[in-house]
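In what follows, a structure is listed as structure tokens, so that the remarks can point back to it.
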Amino acid sequence: MSDTDYTKVSAIYKKIKEAENDHRVIYISGAVGFGKTTAVKYYFRRKAYLYLSGRDGYLESRPKTETIRQNVIVIDDISWITDGESQDYIRNIAASEEKQVVLIGRSTVPPWLRITSIEKNFVLADERDLVMDEAEIRKFLDDRNIITSDIERKDIIRQTRGHALTLLYIAYYMAGGIPYSKEIEEKVRQDFFHYCDYAFFEKWDDEMKEVLLAVCQYPEFTVEMAEMITGNSRIPSLLEYAFAVGSFMIKKNDGVYAYRFTLQRYLRWKQSVVYTKEQLKENYERAALYYEIHDQIALALKYYEQAGNQNKVSGLLIKNAEKHPGIGHFFETREYYYKLPEETIKKSPTLMSGMSMLYSITIQPEKSEEWYNELAQFEKKAEKSSTQKREAKIRLAYLDIALPHRGIHGVIGILRNVSILCRNKKGQSFFSWDCHHVMY
């Protein structure tokens, strides 16, 4: 976008003006496509300024302050700079107060610059200052002769959230009177993804790409989870670097990380392009194992199912039902129980009991009784004194007491029978545990 095409965003314009009036350094941060550099070039369009870039990890030119004729120095791509001499140069320039200094990066102020930013009281600007408001979006479209209905304009505002590059793509596709549509929306999304390839993905080293792609489909992740999925022990340092080069993620107080929406959407698209089915399956299985270990059963089931591992789903549902006979855990994972094949359920007293309870608490008493009767028939047919027969008796006793749709009629008699059943179990630890839960 050229300076002449730029639609003035008042918030960032005021921040730069504040810095200039007070002769303070301004640090502007924001993710890709928010128009950071264009906003600065627009503001100084009638003034001479020196432009330097750290795009390659260092400043190729580091002229001495006394040799710089311009009064304004703009240093872009701060977040990529890892070269110590370039970092020293920027700190010295920022501290000297001889020039008006504008620093631009994708991340917040990097650690190597933070103390200088505090000491020199930088003016800080971020994406909140860069997004276009509704009036500015309207002007952006009007300046390009893009005719929109009220509904289209509202849809564009909602979809773009004032993001400059996305609006520029939309204007390109709507030129000549083309109406806004889902097709244009998808084209814009693809264009933005390809721009992300160029803007930052190609600059990441392979190790960082591997890690960030591996956890991109999960709402949140921890260092331990990323290590388990990738087998990489350098996760903490890689995440630290990710924060240094871009505002991609959020770190929560409890050591949990989450992607920002735009980056996550891009990385999921990128993953769909570069991952094989086998890689994705293995990824899901490792994540499921992590959740299983941490007793996050619903998530473990979700990702075992995504991996297509039905044996693990069935096994985990049985284990879950044995560990948690109460209503809450069954209800939380009910969708996975409903998907089990009937022949699988009929082999397990635990699963038949679980299905009876699920249908009862979802107000389907007829189906609940059907599974109760299946369990009763299983108990009758099971070999006398077998483990499965005893387990079925325990589950029937549990249902006799706990099924919500039956009410409390006859509970005292049932409890007496359960007490006898528990005393006759000859101290077997599994059933002792079960009786405890039936009784309490």
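Some notes on this structure:
- Only one of LEU403, LEU375, LEU396 that is among the hydrophobic types (A, V, I, L, M, F, W, C), modelled with pLDDT of 85 or more, under 41 Å from the mean Cα position of the chain (by Cα) and surrounded by 17 or more Cβ atoms within 10 Å (Cβ to Cβ): LEU403
- Scan of segment 62-104 for residues that are part of a loop (DSSP other than H, G, I, E, B), surrounded by fewer than 20 Cβ atoms within 10 Å (Cβ to Cβ) and in contact with a helix residue (DSSP H, G or I) (Cβ under 8 Å, 6 or more places away or on another chain), ordered by number: ARG62, GLU98, LYS99
- Check on SER29, closer than 27 Å to GLU136 by Cα and crowded, with 21+ Cβ neighbours inside 10 Å: yes
- Filtering TYR180, TYR218 for residues that are of a type in the set (Ser, Thr, Tyr), modelled with pLDDT of 95 or more and buried (at least 18 other Cβ atoms within 10 Å of the Cβ) leaves a single hit, TYR218.
- Of the set (1) outside any helix (DSSP H, G or I); (2) touching a Lys or Arg at 6+ places or on another chain (Cβ under 8 Å); (3) among the small types (Gly, Ala, Ser), all apply to GLY177 but (2).
- Residue check for ILE250: of a type in the set (A, V, I, L, M) and without any contact (Cβ under 8 Å) to a residue 12 or more places away in the chain: yes
- Restricted to segment 117-170, and to residues there that are of a type in the set (S, T, N, Q) and outside any helix (DSSP H, G or I), the residue that is surrounded by the most Cβ atoms within 10 Å (Cβ to Cβ) is THR148.
- Those residues of segment 362-372 which are closer than 18 Å to GLU342 by Cα and either buried (at least 20 other Cβ atoms within 10 Å of the Cβ) or of a type in the set (A, V, I, L, M) (or both), in sequence order: SER368, TRP371, TYR372
- Checking each residue in segment 238-278 for being assigned to a loop (DSSP other than H, G, I, E, B), surrounded by fewer than 16 Cβ atoms within 10 Å (Cβ to Cβ) and of a type in the set (S, T, N, Q) picks out ASN253, THR276.
- Members of segment 28-61 that are closer than 23 Å to TYR89 by Cα, of a type in the set (Phe, Trp, Tyr) and part of a loop (DSSP other than H, G, I, E, B): PHE44, TYR58
- For segment 229-236, the count of residues that are at pLDDT 90 or above and part of a strand (DSSP E or B) is zero.
The values are calculated or read from the model by the stated rules, or taken from the named source; none is laboratory data. Just so you know, these numbers come straight off a predicted model, no measurement behind them. Because the Cβ atoms are built from the backbone with ideal geometry, glycine has one as well, and the counts that use them run over all protein chains shown.
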